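The values are calculated or read from the model by the stated rules, or taken from the named source; none is laboratory data. Computed from a prediction, not measured in an experiment: that's the story for all the values here. Please note: Cβ atoms are built from the backbone with ideal geometry, for glycine as well, and neighbour counts cover all protein chains shown.
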Amino acid sequence: MRLRRKGDLLCTVVLLTAFCVLFYIQTHSETPRLDRHKNQRESGTERYLQSTKAETPPVSTTSATEPKRICQWLEDGQVRVTTSPSSDLLPWNYRQYLWQKDCREFNQIINQKDKCRKVHGEPLLLISIKSRVEEFERREVARKTWAREGRVHGLQVRRLFLLGIPSNQSALASWSRLLEHESRIYQDILLWDFQDTFFNLTLKEIHFLKWVDQFCPAAEFVFKGDDDVFVNVENIADFLVNANPKEDLFVGDIIYQALPIRSNRSKYFIPEMMYGPGVYPVYAGGGGFLMSGHTAKRLYRACKEVDLFPIDDVFLGMCLLRLGLEPLTHEGFRTFGIVRPSAAPHMQTFDPCFYKELMLVHSLRVPEIWLMWTLLHDPNLNCARKGSMKRPFRWRVKRQATSTSVRKLRH
């Protein structure tokens, strides 16, 4: 009887011990699981910022009341890549952008200090072209066609390409050596040490304006465009004949009443916390625009007083608004390409006669730029209309569309 009680007691102790062990394992296994789910919900930006605080010194901002931001700097002769953490919720990491948006001063790696040295005292037209390191073919076709340096209708034309550090350097072996070689041959490369991404184009904008203020203050006129445009420099020179370089001039394909894109599926997505108003200020399409040297200097001063914005052409519109300067729209700037007008149903949109009266056409491929330049400089080109009318085709001046819906679609 006594042995049976001892056996029952021993079994009870064993069962209680096993239950306690199972309970302990169950409770402690839930904690890592919850922590793991919590870590999965955390933003990659927060982990990135916590890790960079220890290794990157803060850089002071323009205002003493604002919090300090973190900038990634390059050592002389070396390039350090900072990979941005990805986000599953947004097409781009605007939280990181907000944290680092006051990092607006970056070192210049390649410079062209003597680019704006004048010849014979003639007015200088500085052509600046946004490009990326890997787009060598686009730079080369521009050099050989519309962006040639030299004298055009009384203007001295100078050319520059604006570049940043490639975001994926592992895919571009020896890119720095190749770019240095390209710069030595053509002497038309400006390179800064920020990553060359879509939302860093604003950095390219303000650094170029700073460069003009420091190294090219005597430039009478400045053209700025993309590397996939065709530009009729002769028409631009003719347009500038009566322009005063000491007065304000800003002309292009002007966009009115553009709406911020709130869909996070668009690369132009701007959250309401970043830009609250429902309409952007008036701005020029980023494919290309023309300004006087006087306006370029004023824009440089204004951009230091305006918060950075991830869409560069809208940012420039904010600077224009700051200056109280209204840009001029011109029918010759086609930053959204060419649509065949009803006045010329027999012509194709790639007909050189369409381009003869224009200043800029955006979104052309390398072979198209080369072909169009060759056709327009053909001495046998005849742009007379087919049929009884023998005068050449000319674009009709259209009223500037201000419809909100139209501008939203175009943007």
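Some notes on this structure:
- Tallying residues that are crowded, with 20+ Cβ neighbours inside 10 Å and not basic (Lys, Arg) within the range 113-133 yields 8.
- Residue within the range 355-371 that is assigned to a loop (DSSP other than H, G, I, E, B), modelled with pLDDT under 95, of a type in the set (Gly, Ala, Ser) and loosely packed, with under 15 Cβ neighbours inside 10 Å present: no
Rundown of residues vs (1) in contact with a helix residue (DSSP H, G or I) (Cβ under 8 Å, 6 or more places away or on another chain); (2) of a type in the set (S, T, N, Q), yes/no style:
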| residue | (1), (2) |
| --- | --- |
| TRP192 | yes, no |
| PHE199 | yes, no |
| VAL212 | yes, no |
| PHE215 | no, no |
| ASP228 | yes, no |
| VAL231 | no, no |
| ASN244 | no, yes |
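- Selection status of LYS267, basic (Lys, Arg), closer than 30 Å to PRO367 by Cβ and within 20 Å of the chain's Cα centre (by Cα): yes
- Screening PHE136 on (1) modelled with pLDDT of 90 or more; (2) aromatic (Phe, Trp, Tyr); (3) buried (at least 18 other Cβ atoms within 10 Å of the Cβ) shows it passes everything except condition (3).
- Within the range 252-273, the presence of at least one residue that is exposed (fewer than 14 other Cβ atoms within 10 Å of the Cβ), in contact with an Asp or Glu (Cβ under 9 Å, 6 or more places away or on another chain) and free of Cβ contacts under 8 Å to residues at least 24 places away in the same chain is confirmed.
- Among the residues here, ALA344 qualifies as of a type in the set (Gly, Ala, Ser) and either crowded, with 17+ Cβ neighbours inside 10 Å or at pLDDT 90 or above (or both).
- The range 217-237 - residue that is among the hydrophobic types (A, V, I, L, M, F, W, C) and more than 22 Å from the chain's Cα centre (by Cα) and, of those, surrounded by the fewest Cβ atoms within 10 Å (Cβ to Cβ): ALA218
- Matching option when the condition is of a type in the set (A, V, I, L, M, F, W, C), under 29 Å from GLU135 (Cα atoms) and surrounded by 16 or more Cβ atoms within 10 Å (Cβ to Cβ), among LEU299, LEU240, LEU249: LEU299
- Close pairs (7 angstrom Cβ cut-off, 6 or more residues apart or separate chains): farther than 14 Å from ARG158 by Cβ in the range 200-227, of a type in the set (Phe, Trp, Tyr) and outside any loop (DSSP other than H, G, I, E, B) anywhere: ASN200/PHE194; THR202/PHE315; LEU203/PHE194; GLU205/PHE315; HIS207/TRP192; LEU209/TYR300; LYS210/TYR300; ASP213/TYR300
- Enumeration of residues in the range 135-154 that are more than 24 Å from the chain's Cα centre (by Cα) and within 15 Å of LYS115 (Cβ to Cβ): GLU149, GLY150
- Just one residue in the set VAL152, VAL157, VAL141 is in contact with a Gly (Cβ under 9 Å, 6 or more places away or on another chain), closer than 24 Å to ASN232 by Cβ and either surrounded by 15 or more Cβ atoms within 10 Å (Cβ to Cβ) or without any contact (Cβ under 8 Å) to a residue 60 or more places away in the chain (or both); that residue is VAL157.
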